[in-house]
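Computed from the coordinates by the stated procedures, all read-outs in this text should not be read as laboratory data. Here the structure is a predicted model, which is why all the values come from computation and not from measurement. Methodologically, a virtual Cβ is constructed for each residue, glycine included, from the backbone with ideal geometry; neighbour enumeration extends over all protein chains shown.
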Amino acid sequence: MAIRWVKSSYSDEKGEFEGIVNEYSDAADVKKNISYIKKQYIVSKQISLTNNIWSKLKNTDSYNTKTIEGMQKAMKANREFRDINRILKQFFSGKVKAPIIIKLGDGSYELIAGNTRLMLSRVLGLTPKVQVVDTDW
């Protein structure tokens, strides 16, 4: 299965970016950090997700997901209600939005958007490409 991983527009994932900014910012810095993360996303790089990064990636259970049933169980436990069929259609169309991860100042990585896409990649035995947003947080 040949997949072309595409970068989402910032506005498509705006809520996810705002959530991560709120998590890592003091209230006084939120506006400044929203501007910062947007600029960092614009210059972000797309990479193939290595097993080393994937196995340590925060905010996802995707690395250990092996089956559709496992996906459904993880999504239910995390109160994520996604239409798996809609996302499967992306995969079968050959064009999938790349999940977005941030690289934190300590060198760790955290998923911002695309958990279901990562889980489905794992189930299908695919190496996903991700957008990596570097931060100094």
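Per DSSP H run of n ≥ 4, the term is -39500 (n - 2.57); total these for the chain, divide by its residue number, and report the mean residue ellipticity at 222 nm rounded to 500 deg cm²/dmol.
Theoretical 222 nm ellipticity from helices: -13000 deg cm²/dmol.
Using the 2.2 N^0.38 Å rule of thumb for compact globular proteins, work out how the chain stacks up: its C-alpha Rg over that value, please.
Rounded to two decimals, the normalised Rg is 1.03.
Which of rounded, prolate or oblate describes the stretch 56-123 when judged by the alpha-carbon gyration tensor and an a/c cut-off of 1.5?
Because a/c hits 1.5 or more and a/b fails to exceed b/c, the stretch 56-123 counts as oblate.
Could you order the peptides 129-135, 49-55 from most to least packed, using the average number of other C-beta atoms within 10 Å per residue?
Packing proxy ranking, top to bottom: 129-135, 49-55.
With the chain treated as a Gaussian network of Cα nodes joined by springs under 10 Å, which of 43, 21, 123 yields the largest mean-square fluctuation?
43
Would you mind checking which residues have amide H under 5 Å from residue 113's amide H? H placed 1.01 Å from N; only 5 or more apart, or other chain.
Under 5 Å from the amide H of residue 113: 100.
As an exercise, identify the trypsin sites (Lys or Arg not before Pro) in the stretch 55-123 lying in DSSP coil whose Cβ has no more than 12 other Cβ atoms within 10 Å.
66, 79
If the cut-off is a Cα-Cα distance under 26 Å, which lysines reach residue 38, setting aside same-chain residues fewer than 8 apart in sequence?
The reachable lysines, counting only those whose Cα sits under 26 Å from residue 38, are 7, 14, 56, 58, 95, 97, 103, 129.
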